[in-house]
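Worksheet: the structure to be examined is printed underneath.
The values are calculated or read from the model by the stated rules, or taken from the named source; none is laboratory data. Every value quoted in this text rests on a predicted model; they were computed, and no experiment measured them. Cβ placement follows ideal geometry from the backbone for every residue including glycine, while neighbour counts extend to all protein chains displayed. Only protein heavy atoms, including side chains, enter the accessible area calculation; ligands, DNA and RNA are left aside. Shrake-Rupley method; radii C 1.70, N 1.55, O 1.52, S 1.80 Å.
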Amino acid sequence: VADSIAQSRWLITQKAKLVPAGARGILHGFKLYDVEPDSLYAMIGLQTEDVILDINGLSIDTREQAFETRRKLAKTSTVIVNIVRRGKPIAMTYLIR
């Protein structure tokens, strides 16, 4: 998965729809829709209607921030993705080898 992400920045936008999420007019993260079973998102356990809030504490409130976060995490061995699933916060931890 890590190698695939490194090879193509567009992989993170394939086989799922990402829509800016937020409340009361303030954007915070992206909500996933139409996550396909063979997508990167499904491979790491994310589901349709999950809201990705941040990655390793780095905000992804805009597409630019999301791509900058991807660049910053290129050499990271542990990734923590904070999401909201069905109204409950979840921290998903991934070890990259």
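If you go through the range 46-75 and keep only what is open to solvent by 50 Å² or more (accessible area, probe 1.4 Å), closer than 21 Å to residue 35 by Cβ and among the acidic types (Asp, Glu), you end up with just 49. Would you check if there is a residue in the range 78-91 being at positive phi, open to solvent by less than 60 Å² (accessible area, probe 1.4 Å), modelled with pLDDT of 85 or more and out of contact with any Cys (no Cβ under 6 Å at 6 or more places or on another chain)? No, because not a single residue in the range 78-91 is at positive phi, open to solvent by less than 60 Å² (accessible area, probe 1.4 Å), modelled with pLDDT of 85 or more and out of contact with any Cys (no Cβ under 6 Å at 6 or more places or on another chain). Residues of the range 24-42 that are of a type in the set (A, V, I, L, M, F, W, C) and under 19 Å from residue 69 (Cβ atoms): 26, 27, 30, 32, 40. Of the residues making up the range 38-50, those that are at pLDDT 90 or above and either among the charged types (D, E, K, R) or farther than 23 Å from residue 95 by Cβ (or both) number 3.
Taking the range 62-80 as the range and being closer than 13 Å to residue 96 by Cα and either among the aliphatic types (A, V, I, L, M) or assigned to a strand (DSSP E or B) (or both) as the test, the residues that pass are 73, 74, 78, 79, 80.
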